[in-house]
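What follows is a single structure, written as structure tokens, with notes after it.
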Amino acid sequence: MARRSIPLLRQLWTLPSFNLTPTRSVTYMPRPGDGAPRAVTLIPGDGIGPLVTGAVEQVMEAMHAPLYFERYEVHGDMERVPEEVIQSIKKNKVCLKGGLATPMGGGVSSLNVQLRRELDLYASLVNCFNLPGLPTRHQDVDIVVIRENTEGEYSGLEHEVVPGVVESLKVLCLTPLSTLCLVLLILNKI
């Protein structure tokens, strides 16, 4: 991986727009409003979660970012996310969460799904696009991937048809926009 990235870094380094010289002394954009530090709910989580969130904390500290973390210890083996954590997320409107372990079997819902449902986080949006000056295999990429986060495999609505064969219930809910997209897809295939 490192050998493949060296030519790419050299190519980036020679670009006229690539400049490592700092042009301002401030390392963050000031927060609009009163300028007071902003509270962020922090859930380090399980596994690699504490390492990742710890690295983010170090970066924010090095940047002198105007924020502070309200840390809550939540782990995947808990039955529910504590109510004070939910209230902190709702109050702060920002949460940094490491991965939470998902229990295996037994029809137990994961805390990740509980958080999504409680906070009405229905969809995950990921914007994929090319960066100017960075050569890639595909050009002019600019798409948004929308992944539904609460139904299907996440819902836990499944049953064992015969021993060893599990069927998961999928519910297709069509909104006016998704119905229009479905109709357009069908029309394009005809």
Pick from the stretch 48-99, criterion in a helix (DSSP H, G or I) and among the charged types (D, E, K, R), ranking: farthest from residue 114 (Cα to Cα): 61
Filter result (more than 18 Å from the chain's Cα centre (by Cα), touching a residue at least 24 places away in the same chain (Cβ under 8 Å) and surrounded by fewer than 16 Cβ atoms within 10 Å (Cβ to Cβ)) within the stretch 76-105: 77, 78, 80, 91, 103
Residue list for the stretch 113-132, filter: in contact (Cβ under 8 Å) with a residue 40 or more places away in the chain and either surrounded by 12 or more Cβ atoms within 10 Å (Cβ to Cβ) or among the basic types (Lys, Arg) (or both): 113
Within the stretch 69-116, tally of residues that are modelled with pLDDT under 85 and of a type in the set (A, V, I, L, M): 3
Selection from the stretch 133-146 of residues that are touching a residue at least 40 places away in the same chain (Cβ under 8 Å) and either in the same structural domain as residue 83 (by the TED database) or not in a loop (DSSP other than H, G, I, E, B) (or both): none
Number of the exception - residue 150 against (1) in a loop (DSSP other than H, G, I, E, B); (2) among the hydroxyl-bearing types (Ser, Thr, Tyr); (3) modelled with pLDDT under 60: (3)
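The values are calculated or read from the model by the stated rules, or taken from the named source; none is laboratory data. What you see is a predicted model; the values in this text were computed from it and never measured. Cβ sites come from the backbone with ideal geometry, for glycine too, and all protein chains shown count toward neighbours.
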